[in-house]
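Undergrad: Sharing a structure here in structure tokens format.
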Amino acid sequence: MKKLVTSTALVGTSSFFGVLMALVRTKLLAVFVGTAGLGLLAQIGNFLNVVSALASLGIGIGMAKYVAEFSSEGDYQSLARLKRSGTGPTWIASIVAVALAWLFSRKIAVLLFKDPGLAWAVVVSALAVPVLVQTTFHLAILQGLKRMRHYAAATAVGAAAGLAVLVPLVYFFKWNGAVLHLVAAGTLSFIVVRIVSRGLLREYFKRAYARVDNRLLRELLAYGVSSLAVGALYWVNLLAIRSIIVHRLGADANGLYQVAVGISFQYLMLIINSVSTYCFPRLSELKESRSIENEVRGALRLTVLLVTGCASVLLLVRHWLVPLLFTGDFLEAERLLPVQFVGDWLKATAWMLGIWLLPQGRLKVWVGLDVLTNTVLFGAFFFFLGRMAHLDSLALMAAPLAHCLAYLLHCGLTYGYARRGLGFSLGGPLRRLLATSLGLVIVCGLVPSGNVLLSLGGLVLVAVWARFSVSPEEARAALEMVKSRLHGRERG
């Protein structure tokens with residue numbers, strides 16, 4: 001548990017810096033492009049995520065797994081073949097993706113924006129695909145090597161560089177500059193991760209020449225297909241939901257929905273990625289069910305603590321948070337956050353209950369659970385929207401309601417499989433933690449927005465919950481992490 005907390009704190013520190021950069025970026029965009037403009041940018045960003053995920057062939061997860069295995073064994077020849085087997089296919093797929101995006105740019109623009117005149121935005125943003133794919137590829141190598149300091153530095157510096165280039169572009173060119181920024185920021189992130197990982201690549205991938213290993217390539221693609229089925233499906237689902245919102249409720253409504261999705265994504269992925277960066281290679285090394293169960297239990301506990309604390313505080317200050325991060329024009333979106341954050345809590349819990357599936361090769365189960373979840377998510381959104389369309393602004397609540405329902409199902413099914421496959425149990429202290437944590441998030445969401453006294457009372461309640469939920473061991477590990485960073489020592 002101590003190593004998990006230490007690693008999470010290290011990666012989380014850099015990720016938190018990246019979130020701060022993202023919040024500043026969002027604020028700039030909200031000021032300069034408004035609600036409709038921010039919604040359109042969310043569309044193009046979502047499109048870029050889908051294309052990049054497909055062009056990566058999903059092999060980043062397989063890279064992290066096998067780099068962890070080969071590096072622990074000192075098998076440098078296999079490491080070199082592994083890198084060679086992954087680099088070529090991802091470059092080829094990226095170039096094909098760019099060509100297809102250009103070829104169908106007008107049709108894509110109509111689907112995303114209802115405006116074929118924005119085909120140029122599709123063409124320009126597609127240029128970022130190759131560098132985004134290779135950045136993800138190299139970060140997977142750092143993750144597999146468990147070099148959290150390098151991973152943290154690459155993500156933090158890349159985020160800062162992206163923000164630096166955004167400021168002049170959005171100031172002088174407004175929405176057009178924001179689209180150009182996608183390419184510029186992606187390129188800078190790739191340059192940063194190459195510089196940061198240069199020494200490690202020379203150390204671990206020593207062979208001057210290595211051929212493509214067809215067996216390794218097949219295994220990478222096996223993990224890749226599973227990863228694509230999950231990752232790409234999520235982004236496609238979100239893109240479809242946003243497109244329906246644009247067509248049925250308008251571009252402004254999509255901008256308001258971006259508030260809920262944007263805040264949710266930033267804090268939730270900060271926590272999940274920080275915990276998973278250590279857990280994934282660690283779970284790849286374990287073979288015994290008891291050891292795997294203990295690792296999952298520790299990851300679940302830490303994630304629930306972090307998500308509950310963040311979600312509760314954000315809900316209590318949402319009335320002031322939304323104008324701070326965006327502008328007063330987005331204040332109507334605060335009503336979406338209580339339901340959205342309950343869904344986030346369920347999503348994080350489901351994710352950690354199933355974090356062992358992929359490292360342990362349970363690919364079909366992992367994919368099946370996520371395909372079912374995303375299918376329910378889209379179906380529930382369509383159902384709720386149809387029933388709530390006459391409620392005007394409240395119709396947008398269909399999206400977070402579907403989010404909650406889908407991940408409640410995911411939680412139940414993932415726990416059932418973990419119980420059968422690992423003998424995992426939520427009994428005792430863990431069950432109490434889950435119950436009190438979910439209850440706290442719900443209570444904080446019920447606090448009337450903008451009521452100062454009740455919000456302060458809610459913060460006191462969060463402090464009481466933290467006092468009785470965080471163990472002395474977890475507190476000591478976090479404190480030691482802070483001390484070591486102050487003394488400039490690398491830990492984990």
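Nothing in this text is a laboratory measurement; each read-out follows from the coordinates by a stated rule. Please read all numbers here as calculations on a predicted model, not as lab measurements. Please note: Cβ atoms are built from the backbone with ideal geometry, for glycine as well, and neighbour counts cover all protein chains shown.
Undergrad: Restricting things to alpha carbons, tell me how big segment 260-322 is in terms of Rg and Dmax, in Å.
TA: Taking only Cα atoms of segment 260-322, I get Rg and Dmax of 14.8, 48 Å.
Undergrad: Suppose every K and R has +1 on its Cβ and every D and E has -1 on its Cβ; what is the size of the dipole of segment 75-195 about the Cα centre, in Debye to the nearest 20?
TA: 220
Undergrad: I want to verify the translational diffusion coefficient of segment 308-348 in µm²/s; compute it with Stokes-Einstein, Rh as the Kirkwood radius over Cα pairs, at 20 °C and 1.002 mPa s.
TA: Here the translational diffusion coefficient equals 204 µm²/s.
Undergrad: If Lys and Arg each add +1 and Asp and Glu each add -1, what is the summed charge of the other residues whose beta carbon sits under 11 Å from the beta carbon of Gln340?
TA: Summing Lys and Arg as +1 and Asp and Glu as -1 gives +1.
Undergrad: Here's another thing I want to ask about it. Name the long-range amide H neighbours of Phe424: under 5 Å, sequence gap of 5 or more, or other chain; modelled H, no Pro or chain starts.
TA: Arg419
Undergrad: Another question about this same structure. Note down the net charge around Gly60, summing +1 for each Lys or Arg and -1 for each Asp or Glu among other residues with Cβ under 15 Å from its Cβ.
TA: +1
Undergrad: Return the whole-Å distance between the Cα centroid of segment 392-455 and the Cα centroid of segment 237-260.
TA: Comparing the Cα centres of segment 392-455 and segment 237-260, I get a distance of 24 Å.
Undergrad: If I take every Cα pair under 8 Å that is 6 or more residues apart in segment 89-239, average their sequence separation and divide by the length, what percent do I get for the relative contact order?
TA: Averaging sequence separation for qualifying contacts and normalising by length gives 21 percent for segment 89-239.
Undergrad: Compute and list, largest first, the equivalent-ellipsoid semi-axes of segment 364-418 from the alpha carbon gyration tensor, each √(5λ) rounded to a whole angstrom.
TA: 27, 10, 6
Undergrad: Counting Lys +1, Arg +1, Asp -1, Glu -1, what net charge surrounds Thr414 among other residues with beta carbon under 12 Å of its beta carbon?
TA: +3
Undergrad: Quick one: compute the contact order of the chain, relative version, from alpha carbon pairs under 8 angstrom and 6+ residues apart, as a percent.
TA: Relative contact order of the chain: 22 percent.
Undergrad: At a Förster distance of 35 Å, what's the computed FRET efficiency of Arg290 paired with Ala435, Cβ-Cβ distance as r, to 0.05?
TA: Rounded to the nearest 0.05, the efficiency is 0.90.
Undergrad: Over 22 Å between Cα atoms: which of Lys27/Lys114; Lys83/Lys364; Lys114/Lys174 fall into that group?
TA: Beyond 22 Å: Lys27/Lys114; Lys83/Lys364.
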